[in-house]
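The values are calculated or read from the model by the stated rules, or taken from the named source; none is laboratory data. None of these values were measured; they are calculated from a predicted model. We place every Cβ from the backbone using ideal geometry, glycine too, and count neighbours over all the protein chains shown.
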Ligand SMILES: Nc1ncnc2c1ncn2[C@@H]1O[C@H](COP(=O)(O)OP(=O)(O)OP(=O)(O)O)[C@@H](O)[C@H]1O
Ligand SMILES: [Mg+2]
């Protein structure tokens, strides 16, 4: 059964991986740390006391209503925005900074460069980070094979389907060998079938290459199927209203899970917390 740690309005719900009272988890085991984060854009309060400890190697998803601050949290972690805020953020013990090589960021739009082939796109991030040509070619080729794009290495993005472009973006993301993956609705614009394939691929890659992942999605089924833990945020100003361990066994097959009664049970329970979170909006 899922451990539902809290379905409360408290802004500081303890994370599922938190140690039992009195048993401190070693600091080195916490990969990403967000403490009492509060942030406003002008007069508009967007994030209201979010605290989150993410252990190394955990696959965590964040779900929550549009505008509750999910992307803002990822952008802060990646150092992409620098806005005044209360609280602290840490990755591997250090403050976020732009261009941090420990981070790979993947978005809903593939953002492939149209003048580069699949191979050149898959190795682009490594090129920027100074990986030698032979190493990056071998790594990109391997990743492209693993995402099902063998034979498409010399094709340009305009000749790839949307799903294939996202496969290429996934290969590029994993090719970076970054310990922290920040993923903002990477499959949000895909049709249901293609999405399932990509989720399956992501789970396979992650199971082979254990990274710490923060994955944002509006798709609850997706969050449950791929994650170790799902955090539910309220409507703006975003707070954590539930923090749940997904106790489905690994290795997992996203496709097979669709037939599991426990998967649907989890869905119904988390959906309920999401609905509760909708009711706490400044806009109402
Ligand atoms: N640079 C900015 N300047 C001003 N307001 C901003 C800025 N970035 C985000 N916001 C506001 O902050 C709030 C949270 O935005 P954010 O993009 O983090 O939401 P989200 O949870 O990712 O939503 P969605 O699910 O729609 O992607 C919104 O009200 C948005 O208008
Ligand atoms: Mg967003």
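Looking across the range 265-280 at every residue that is surrounded by fewer than 16 Cβ atoms within 10 Å (Cβ to Cβ) and touching a helix residue (DSSP H, G or I) at 6+ places or on another chain (Cβ under 9 Å), the one that is modelled with the lowest pLDDT is identified as 271.
Out of 194, 173, report the one residue that is under 24 Å from residue 116 (Cβ atoms), touching a strand residue (DSSP E or B) at 6+ places or on another chain (Cβ under 8 Å) and more than 16 Å from ligand 2 (Cβ to nearest atom). Full working, then the answer.
Values: 194 fails: touching a strand residue (DSSP E or B) at 6+ places or on another chain (Cβ under 8 Å).
Answer to the check: 173.
Would you check which residues across the range 63-79 are within 10 Å of ligand 2 (Cβ to nearest atom) and either farther than 9 Å from residue 238 by Cβ or surrounded by fewer than 18 Cβ atoms within 10 Å (Cβ to Cβ) (or both) and list them?
To start, the set of residues in the range 63-79 that are within 10 Å of ligand 2 (Cβ to nearest atom) comprises 64, 66-75.
Selection gives 66, 67, 71, 74, 75.
Flag: residue 182 does not match the condition of being touching a helix residue (DSSP H, G or I) at 6+ places or on another chain (Cβ under 7 Å) and away from ligand 2 (no atom under 16 Å from the Cβ).
When residues in the range 53-87 are screened for being more than 13 Å from ligand 1 (Cβ to nearest atom) and either part of a loop (DSSP other than H, G, I, E, B) or at pLDDT below 95 (or both), 4 of them pass.
For (1) modelled with pLDDT of 95 or more; (2) in contact with a strand residue (DSSP E or B) (Cβ under 6 Å, 6 or more places away or on another chain), each residue gets a yes or a no:
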| site | (1), (2) |
| --- | --- |
| 17 | no, yes |
| 43 | no, no |
| 47 | yes, yes |
| 51 | yes, yes |
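Every test in (1) at pLDDT 95 or above; (2) more than 14 Å from ligand 1 (Cβ to nearest atom); (3) in contact with a helix residue (DSSP H, G or I) (Cβ under 8 Å, 6 or more places away or on another chain); (4) more than 27 Å from residue 209 (Cα to Cα) is passed by residue 4 save one, and that test is (1). For residue 144, the test of being at pLDDT below 95, within 23 Å of the chain's Cα centre (by Cα) and either surrounded by 20 or more Cβ atoms within 10 Å (Cβ to Cβ) or not in a loop (DSSP other than H, G, I, E, B) (or both) is failed.
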